[in-house]
1. For R84, are the conditions met, namely being open to solvent by less than 50 Å² (accessible area, probe 1.4 Å) and farther than 25 Å from T157 by Cα?
2. Return the pair list, or none, for Cβ contacts closer than 8 Å from residues in the range 110-134 that are more than 15 Å from L67 (Cα to Cα) and in contact (Cβ under 8 Å) with a residue 12 or more places away in the chain to residues that are open to solvent by 50 Å² or more (accessible area, probe 1.4 Å) and among the basic types (K, R), at least 6 apart or on different chains.
3. Return yes or no: is E38 under 19 Å from the mean Cα position of the chain (by Cα), within 22 Å of N160 (Cα to Cα) and free of Cβ contacts under 8 Å to residues at least 60 places away in the same chain?
4. For the range 144-154, which residues satisfy the criterion of being in contact (Cβ under 8 Å) with a residue 12 or more places away in the chain and open to solvent by 10 Å² or more (accessible area, probe 1.4 Å)?
5. I want to confirm something. Restricting to the range 30-79 and keeping residues that are farther than 28 Å from W143 by Cα and among the acidic types (D, E), which single residue is surrounded by the fewest Cβ atoms within 10 Å (Cβ to Cβ)?
6. Right, V60: in contact with an Asp or Glu (Cβ under 9 Å, 6 or more places away or on another chain), assigned to a helix (DSSP H, G or I) and closer than 20 Å to F12 by Cβ or not?
7. Do you know which residues across the range 87-115 are aliphatic (A, V, I, L, M) and either open to solvent by 40 Å² or more (accessible area, probe 1.4 Å) or farther than 23 Å from T61 by Cα (or both)?
Amino acid sequence: MTETAPSSGKVFISYRRRETAGHAGRLYDRLAEHFGDERVFMDLRMEPGVDFVEQIDDAVTHCDALLSLIGAQWLDMRDAKGRRRLDDPNDFARLEVEAALARDVRVIPVLLQDAKMPEPDDLPDSLAPLARRHAIELSDERWDYDVGRLIEVLDRTIGNGAPPPPPPPPPTKRISARVREAATA
């Protein structure tokens, strides 16, 4: 028997606003178009007034794949005090990836802006398994092709996206009673 991916699986987009927000939004649009926006989570969809830490934790808990968007500065991004953000146990990008790795969720590193995969020694111990994940690169020059490859992987991982809607039926011509009578006369 062939095992198939669930048809209602969900994907979580983890990114740093200061570095990859534009790419994240562009990727979200493509994934939501293919899978439906209810199957793709990005933090900008959160409801005002909701505890965002709880909502993000819930979204990671219920996802089947997490895309960790890694830009050229992802590894060395600093906070206002000059500390490396990945070393902060409360850093959201770190928390999202840690939670997915701990739950054995498929974590796909997505390399942007010529970023390189971090080495295990460059990461906090809890993130070191990320360095062993095979990455996919999304380049601006090949965006459609690269995202298409990512969608193929996600189709196998979280289930196929919705098939495109069937084309509308051709317009029917209404024949008036007078035309029908003339044709039969």
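1. Values: open to solvent by less than 50 Å² (accessible area, probe 1.4 Å): yes; farther than 25 Å from T157 by Cα: yes.
When the stated conditions are applied, R84 passes them.
2. Once the first residue is more than 15 Å from L67 (Cα to Cα) and in contact (Cβ under 8 Å) with a residue 12 or more places away in the chain and sits in the range 110-134, its partners that are open to solvent by 50 Å² or more (accessible area, probe 1.4 Å) and among the basic types (K, R) give P120/R132.
3. Judged against the criteria, E38 is a match.
4. In the first step, residues of the range 144-154 are kept if they are in contact (Cβ under 8 Å) with a residue 12 or more places away in the chain; the result is 147, 149-151, 153-154.
Across the range 144-154, the qualifying residues are R149, I151, V153.
5. Top of the filtered list is E47.
6. Numbers: in contact with an Asp or Glu (Cβ under 9 Å, 6 or more places away or on another chain): yes; assigned to a helix (DSSP H, G or I): yes; closer than 20 Å to F12 by Cβ: yes.
Yes: the conditions hold for V60.
7. The first filter runs over the range 87-115 and keeps only residues aliphatic (A, V, I, L, M), leaving 93, 95, 97, 99-102, 105, 107-108, 110-112, 115.
If the condition is that a residue be aliphatic (A, V, I, L, M) and either open to solvent by 40 Å² or more (accessible area, probe 1.4 Å) or farther than 23 Å from T61 by Cα (or both), then L95, A102, L111, L112, A115 are the ones that fit.
The values are calculated or read from the model by the stated rules, or taken from the named source; none is laboratory data. As the structure is a prediction and not an experimental result, all values here were calculated from the model. Neighbour counts are summed over all protein chains in view; Cβ atoms, including those assigned to glycine, are modelled from backbone coordinates with ideal geometry. These area figures cover heavy atoms from the full protein model, side chains too; ligands, DNA and RNA do not enter into them. Shrake-Rupley method; radii C 1.70, N 1.55, O 1.52, S 1.80 Å.
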